[in-house]
Amino acid sequence: MSEKKVNLLGFSLQSLEDFFAKIGEPRFRAKQLIKWVHQKGILDFEEMSDFNKHLRSRLKSLAILLPPKIEEIHTSPEGTIKYLVKLESGSMVEMVRIPEKKRMTLCISSQAGCALQCTFCATGAQGFEKNLTADEIIGQLWLANFSSNQPLITNVVFMGMGEPLLNFIPVIESAKIMKEQLAYGLSRKRITISTSGITPQIDQLFNEVDVSLAISLHAPTNELRDEIVPINKKYPISILMKSCNRYLDFYEGKRSITIEYVLIDGVNDSEELAKKLAKLLSNISCKINLIPFNPFDGSNYKRSNNKNIEVFKKVLMNKGFITTLRVTRGDAVDGACGQLVGKLAKSVKGKKLIVNIRFLVGFKSLSS
Ligand code: SAH
Ligand code: SF4
């Protein structure tokens, strides 16, 4: 039965070496396999011509190489492509391909749904469904590179559905495959893990893999952040800033962190809050990415108006922060994470949104 076989798609080079050692094969087989799969896009052991017949049939009896499936593709006029990806469990996640001048960025999901319920996030509104396995995470990059005629991905951001640091081991394993020279060979600058601030895992991250870090801050005071990013009650801002400093210290001042700040009309976009944000970040080496709130059905929030956005940005720039404003892309394909799954759910059932989202993504108590 195929479900008893191990899925080698999500194995890093080290894990593959352990796998081959366990079955009595030389370690260099791991290098051969990882190249076939992640450089050439080959999933059929029979096509791996430097494996002898005996090894090919052994591998077939022990293992599979199985990516998730692309269920739907939505293309926006400006070139952003949003994919709805179906996992083996039936859960749906999203990934988005974002073409830029010199980059082709892939935004990937680490969980189906999310338990953290940030008030401005469509994924949070769906609740938690499941952690993705390493093969389901790296499988998204594999699909983006090998199952379409699109250009190869140059950058990966963990900014799709879910909180990557609450699915730590599979996220690390897949980031290692992304970095591996014999696989995708992406440098640490080209891989960004975005987190709402899970401090124990931020403290572990640099011990496991060297990648770029983005912090979804969204508010400079605990009072406000408790409200819009509820995990702040567990890991408040002062603790989060200490973790950021430990990350920066580990790299001896040679790094900076990206601070993400979604601008929501009348909630967190005042000039006063911009000044507080500048003060809070004065000792942190960072650049700030302002993201106008992307509205979705069922949310009462509105995107900040352009004047407030400009004032907010100016305050930060005047204090010397490199501050970018994310161009809202992919609106036509429901750009922000979690919105496509929600939309499909709605059109399928057309009843109460949250129930239908959970139905579609395979929420167990409803689907069984
Ligand atoms: N859970 C992680 C990564 C996924 S969310 C995190 O929170 O960082 C990726 C980014 O999208 C976060 O910065 C998040 O705040 C932002 N985001 C979520 N919903 C959004 C919306 N409706 N409009 C704009 N940005 C949003
Ligand atoms: Fe989860 Fe991130 Fe959405 Fe918050 S913003 S609910 S942490 S996916």
Original post:
Do we find that residue 152 is within 26 Å of residue 13 (Cα to Cα) and part of a loop (DSSP other than H, G, I, E, B) in this structure?
Top reply: yes
**OP:** Return yes or no: is residue 166 under 12 Å from the mean Cα position of the chain (by Cα), among the aliphatic types (A, V, I, L, M), over 27 Å from residue 79 (Cα atoms) and modelled with pLDDT of 95 or more?
**Re:** yes
**OP:** Would you check which residues across region 298-335 are small (Gly, Ala, Ser), surrounded by fewer than 15 Cβ atoms within 10 Å (Cβ to Cβ) and either at pLDDT 95 or above or closer than 21 Å to residue 77 by Cα (or both) and list them?
**Re:** 320, 332
Original post:
Of the residues in region 94-111, how many are within 11 Å of ligand 2 (Cβ to nearest atom), out of contact with any helix residue (DSSP H, G or I) (no Cβ under 6 Å at 6 or more places or on another chain) and closer than 17 Å to residue 143 by Cβ?
Top reply: 1
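Table: residues versus (1) more than 13 Å from ligand 1 (Cβ to nearest atom); (2) over 17 Å from residue 216 (Cβ atoms); (3) touching a Leu at 6+ places or on another chain (Cβ under 8 Å).
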{"site": "273", "(1), (2), (3)": "yes, no, yes"}
{"site": "277", "(1), (2), (3)": "yes, no, yes"}
{"site": "280", "(1), (2), (3)": "yes, no, no"}
{"site": "285", "(1), (2), (3)": "yes, yes, yes"}
{"site": "291", "(1), (2), (3)": "no, no, yes"}
{"site": "299", "(1), (2), (3)": "no, no, no"}
{"site": "304", "(1), (2), (3)": "no, no, yes"}
{"site": "308", "(1), (2), (3)": "yes, yes, yes"}
{"site": "320", "(1), (2), (3)": "yes, yes, no"}
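Can you work out which of the residues in region 191-228 that are among the charged types (D, E, K, R) and away from ligand 1 (no atom under 15 Å from the Cβ) is surrounded by the fewest Cβ atoms within 10 Å (Cβ to Cβ)?
Initially, region 191-228 is screened for residues among the charged types (D, E, K, R), giving 203, 208, 210, 223, 225-227.
Subset that is away from ligand 1 (no atom under 15 Å from the Cβ): 203, 208, 210, 223, 226.
On the way: 203: 14, 208: 15, 210: 16, 223: 9, 226: 16.
Step by step, filter region 191-228, then rank; the result is 223.
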**OP:** Quick one: in region 81-133, of everything that is β-branched (Val, Ile, Thr) and more than 16 Å from ligand 1 (Cβ to nearest atom), which residue is nearest to residue 260 (Cα to Cα)?
**Re:** 81
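Does residue 213 count as under 18 Å from residue 282 (Cβ atoms) and under 23 Å from the mean Cα position of the chain (by Cα)? Explain how you work it out, then say what you get.
Details: under 18 Å from residue 282 (Cβ atoms): no; under 23 Å from the mean Cα position of the chain (by Cα): yes.
Answer is no for this residue.
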Subject >> Only listed residue being over 29 Å from residue 268 (Cβ atoms), more than 11 Å from ligand 2 (Cβ to nearest atom), modelled with pLDDT of 95 or more and surrounded by 24 or more Cβ atoms within 10 Å (Cβ to Cβ), chosen from 156, 85, 171 >> reply: 85
Subject >> Among (1) crowded, with 17+ Cβ neighbours inside 10 Å; (2) modelled with pLDDT under 95; (3) outside any strand (DSSP E or B) - the single one residue 74 does not satisfy >> reply: (3)
**OP:** Provide a single number: the residues in region 28-50 that are in contact (Cβ under 8 Å) with a residue 12 or more places away in the chain and either touching a strand residue (DSSP E or B) at 6+ places or on another chain (Cβ under 7 Å) or under 12 Å from residue 183 (Cα atoms) (or both).
**Re:** 11
**OP:** Could you check how many residues of region 36-47 are under 17 Å from residue 139 (Cβ atoms) and charged (D, E, K, R)?
**Re:** 2
Subject >> Subset of region 275-300 (residues that are within 16 Å of ligand 2 (Cβ to nearest atom) and closer than 19 Å to residue 325 by Cα) >> reply: 289, 290, 291, 292, 293, 294, 295
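Regarding region 79-95, can at least one residue be identified that is among the β-branched types (Val, Ile, Thr) and under 23 Å from residue 299 (Cα atoms)? Reasoning before the result, please.
Narrowing region 79-95 to residues among the β-branched types (Val, Ile, Thr): 80-81, 85, 93.
Pick out the ones that are also under 23 Å from residue 299 (Cα atoms) and you get 93.
Checked against the condition, which is being among the β-branched types (Val, Ile, Thr) and under 23 Å from residue 299 (Cα atoms), region 79-95 yields at least one hit.
Starting from residues that are in a loop (DSSP other than H, G, I, E, B) and in contact with a helix residue (DSSP H, G or I) (Cβ under 9 Å, 6 or more places away or on another chain), keep the ones in region 126-149 and report whichever is nearest to residue 83 (Cα to Cα).
Step one: list which residues in region 126-149 are in a loop (DSSP other than H, G, I, E, B), which gives 127, 132-133, 147-149.
With in contact with a helix residue (DSSP H, G or I) (Cβ under 9 Å, 6 or more places away or on another chain) added as a condition, the list becomes 127, 132-133.
Values: 127: 20, 132: 16, 133: 18 Å.
Only one residue fits best here, namely 132.
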Subject >> Sole residue being over 18 Å from residue 121 (Cα atoms), among the acidic types (Asp, Glu), more than 19 Å from the chain's Cα centre (by Cα) and away from ligand 2 (no atom under 13 Å from the Cβ), chosen from 272, 208 >> reply: 272
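The values are calculated or read from the model by the stated rules, or taken from the named source; none is laboratory data. The model shown is predicted, which means the values in this text are computed figures rather than measured ones. Here Cβ is always computed from backbone atoms with ideal geometry, including for glycine, and neighbour counts include all displayed protein chains.
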